[in-house]
1. Which condition number does Thr272 fail, the rest of (1) surrounded by fewer than 24 Cβ atoms within 10 Å (Cβ to Cβ); (2) at pLDDT 85 or above; (3) β-branched (Val, Ile, Thr) being met?
2. Would the range 204-226 turn up any residue that is of a type in the set (Val, Ile, Thr) and exposed (fewer than 15 other Cβ atoms within 10 Å of the Cβ)?
3. Could you please let me know if Ala273 is under 21 Å from Leu69 (Cα atoms) and either among the small types (Gly, Ala, Ser) or in contact (Cβ under 8 Å) with a residue 12 or more places away in the chain (or both)?
4. Would you tally the residues in the range 17-31 being surrounded by fewer than 19 Cβ atoms within 10 Å (Cβ to Cβ) and either under 19 Å from the mean Cα position of the chain (by Cα) or among the aliphatic types (A, V, I, L, M) (or both)?
5. Does at least one position in the range 32-51 carry a residue that is at pLDDT below 90, assigned to a helix (DSSP H, G or I), over 21 Å from the mean Cα position of the chain (by Cα) and of a type in the set (A, V, I, L, M, F, W, C)?
6. Just checking, does the range 8-31 include any residue being at pLDDT below 85 and touching a Pro at 6+ places or on another chain (Cβ under 9 Å)?
7. Just the residues that are under 17 Å from Ala237 (Cβ atoms) and among the hydroxyl-bearing types (Ser, Thr, Tyr), please, taken from the range 271-313.
8. May I ask you to say which residue of Leu128, Leu82 is part of a helix (DSSP H, G or I), of a type in the set (A, V, I, L, M) and under 20 Å from Ala273 (Cα atoms)?
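The values are calculated or read from the model by the stated rules, or taken from the named source; none is laboratory data. The model shown is predicted, which means the values in this text are computed figures rather than measured ones. Here the Cβ positions follow ideal geometry from the backbone for every residue, glycine too, while neighbour counts run over all protein chains shown.
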Amino acid sequence: MIDSINALIPVFLVIAIGMLIRKINYLPDSIWPALDQLCWFLLFPLLIIKTLSQADLSSVPLEGLAGALLFAACSMVALLLLLKPVLAKFTGLDGPGYTSFFQGTSRWNGFAALAIIKALYGDEGLVLGALSFAVLVPVLQTTNIFVLTLWGEPAGQAVRPFSVLKLFRQLSKNPMLVSIVIGLSLNFIGVHLSGVLETTLNLMAASALGLSLLAVGAGLKFDTLGRMKINVVLSAALKLIAMPLFIVGACNYLDVYGLSREVAVVCGAAPTAGTAYIMARQMGGDADMAAAIITVQTLAAVLTLPLMLFWLG
């Protein structure tokens, strides 16, 4: 456990530095959205392309890992749907609030998860992390858009019907998924990056993890914590504790052990995605609740994630 904590401390320290920079206004606020865009559309995709194109995929137990992640994700989605009337009755959670609760409990922060996996397991783990991203993102993106369409209330806009074609277009434009397809394609056809191109790619990819973690820290919103009701705490408990338990149960059933199991636990125990706030604001969710959930989970994961790895990894 000490080794895991030592590897995780730098990750959370960089997040804390990003939080401090934003708090003291050392940089203009306008820089953070631009940094998010840079990491999301360029640096992280380059990191994934570099990692997957150079990886030895012959020994990757993808079927077991994918099966465990899908089973756990679908189990959590089913639980959240069953909880909706219970939460509405006992906590007064309305439709927009439920969509933010759903997002906060089902999604995961790919930036933070991949940085943690890289710190703990190196490039071999990063390959499994990128493949986990390819498995989870389409499923969770689909279900969250569906939930937001059903129960979100966009301000001043008519509720738009769920469109499979529009969903497919959104997924096809997801830079992470596109980079996974490019990286795997280069690997399968045997294209090896070398020389100046490889050096350039390595330099740009190396900056992805640090800059993205700074952006995670800068995105924490403490002014929303006054609304930290039972729903925010329950979302954190389900995401940071119950989700890893679902994943380990699925791994046990499918005989997934070793590095694949530990990477799967990190994916499950990582805090929710920072983009949940953006989706809530754009599609009629409760943006303030989403911000509170993101902040609470990111801070709580400092303690819960190493505990989950020690207990379940």
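1. Of the numbered conditions (1) surrounded by fewer than 24 Cβ atoms within 10 Å (Cβ to Cβ); (2) at pLDDT 85 or above; (3) β-branched (Val, Ile, Thr), the odd one out for Thr272 is (1).
2. Residues of the range 204-226 of a type in the set (Val, Ile, Thr): 216, 224.
Imposing the further condition that a residue be exposed (fewer than 15 other Cβ atoms within 10 Å of the Cβ) reduces the set to none.
The answer is no, given that none of the residues of the range 204-226 is of a type in the set (Val, Ile, Thr) and exposed (fewer than 15 other Cβ atoms within 10 Å of the Cβ).
3. Values: under 21 Å from Leu69 (Cα atoms): yes; either among the small types (Gly, Ala, Ser) or in contact (Cβ under 8 Å) with a residue 12 or more places away in the chain (or both): yes.
Yes, satisfied.
4. Start the filter on the range 17-31 by keeping residues that are surrounded by fewer than 19 Cβ atoms within 10 Å (Cβ to Cβ), which leaves 17, 20-21, 23-31.
Then drop every residue that is not either under 19 Å from the mean Cα position of the chain (by Cα) or among the aliphatic types (A, V, I, L, M) (or both), which leaves 17, 20-21, 24, 27, 31.
Number of matching residues: 6.
5. Filtering the range 32-51 down to residues at pLDDT below 90 leaves 32-51.
Imposing the further condition that a residue be assigned to a helix (DSSP H, G or I) reduces the set to 32-51.
With the extra rule that they be over 21 Å from the mean Cα position of the chain (by Cα), the set shrinks to none.
Scanning the range 32-51, I find no residue that is at pLDDT below 90, assigned to a helix (DSSP H, G or I), over 21 Å from the mean Cα position of the chain (by Cα) and of a type in the set (A, V, I, L, M, F, W, C), so the answer is no.
6. Yes, because at least one residue in the range 8-31 is at pLDDT below 85 and touching a Pro at 6+ places or on another chain (Cβ under 9 Å).
7. Thr272, Thr295, Thr298, Thr304
8. Values: Leu82 fails: under 20 Å from Ala273 (Cα atoms).
The match here is Leu128.
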